[in-house]
Amino acid sequence: MSTTPIPPDRSAPETEERAEETNQRASHLAFVAHEIRNPLATALWSAELLGRLAAEERGGARGEKLTRMCLRAIMRVRRLIEDHLLAERLDAAGIPVVLDAVAVSDLMPDAATLGPIALSVDLEPGALVATDAQLARRAMEAAILVAAREDGPVRVIGSREGSAVRIRIEGAPVEPGELADRRRGDAGDSQGTSLGVGAARRVAAALGGSLSVEERALVLELPALDRAKGDG
């Protein structure tokens, strides 16, 4: 009696891989939700207390303290949401990337965006990158804020090396594992920078570059552009 051989189930590895991706995604979203809930709760609590204060007390020392607390919490929520949405849009290829010749010095974010950071900048004059300036500034902003999370000085050094411009952001130590998306149970931070590295990593990839950790500092690489090509 002959039997028809049963072909091997080649879908099993793919199914397991997809299941693992789903689990990782769910764990990351759980981390995002936890990070946003904490400062949001602080903002709501401080705003509620402000509303209960008498008018004269609201304008006094206690009212000012609650106002500052509420503002810091809201700014943290805003940063977390913006980083998360940027990462989501890049994953979905939902952001058009327009490459132009940009001086590396023009990639520095506005000081008002960064806040009170002890920042020193040493970027090679005349170095050009082929990049989307707005997206590259977002990556620089995220990396600088991560480097500043311990309130210490931050140093930004950039120069052309071969076919790339390497920008090193030194400050608070960064571990290589921080390049990966955070998951449930990972430690967050009080400044709202925990999603910034993931967003910056995606920006760098979309721009044809990379984000890495070298000697506990973040290094952003972007494609270099010859001045003659930039002028043309």
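A short reminder: the numbers here are calculations on the coordinates, not readings from a lab. Fair warning: this is a prediction, and the values are worked out from it, not measured in the lab. Glycine also receives a Cβ, built like all others from the backbone with ideal geometry; neighbour counts cover every protein chain displayed.
How far apart, in nm, are the 7 Å Cα→Cβ label points at ASP226 and ALA47?
5.6
Taking H placed 1.01 Å from N in the peptide plane, check which residues at least 5 places from VAL121 or on another chain put their amide H under 5 Å from its amide H.
VAL156
On full extension of the chain, what length is gained from ALA164 through ARG216, given 0.36 nm per residue of separation minus the C-alpha to C-alpha distance?
Taking ALA164 through ARG216 to full extension adds about 16.7 nm, to one decimal.
Evaluate E = 1/(1 + (r/R0)^6) for ALA55 and HIS34, where r is the Cβ-Cβ distance and R0 equals 30 Å; express this FRET efficiency to the nearest 0.05.
So the FRET efficiency works out to roughly 0.25.
Highest GNM mean-square fluctuation, the chain, Cα pairs closer than 10 Å: which of ARG25, ARG76, ARG52?
Sorting by GNM fluctuation, first place goes to ARG52.
So which residue, out of GLU221, GLU178, GLU16, gets the largest mean-square fluctuation from a GNM of the chain using Cα contacts under 10 Å as springs?
So, out of GLU221, GLU178, GLU16, the one fluctuating most is GLU16.
Contact order normalised by length for the chain, with contacts defined as Cα pairs under 8 Å and 6 or more residues apart; what percent is it?
Averaging sequence separation for qualifying contacts and normalising by length gives 21 percent for the chain.
Residue-wise, which Karplus ³J(HN,Hα) couplings in Hz belong to segment 118-128, taking 6.51 cos²θ - 1.76 cosθ + 1.60, θ = phi - 60°, and x for glycine or proline?
7, 10, 10, 10, 9, 10, 4, x, x, 5, 10
Quick one: Karplus J couplings for segment 27-33, per residue in order, coefficients 6.51, -1.76, 1.60, θ = phi - 60°, nearest Hz, x for Gly and Pro?
In residue order, the calculated couplings are 5, 5, 5, 5, 5, 4, 4 Hz.
Test of understanding: what is the full-extension gain from SER105 to GLU64, defined as 0.36 nm times their sequence separation minus their Cα-Cα distance?
11.0 nm
7 Å from Cα along Cα→Cβ at both ASP151 and SER190: what's the point-to-point distance in nm?
For the pair ASP151/SER190, the computed spacing is 0.8 nm.
With an 8 Å cut-off on Cα pairs and a minimum separation of 6 or more residues, tell me the relative contact order of segment 84-210 in percent.
Once normalised by length, the contact order is 29 percent.
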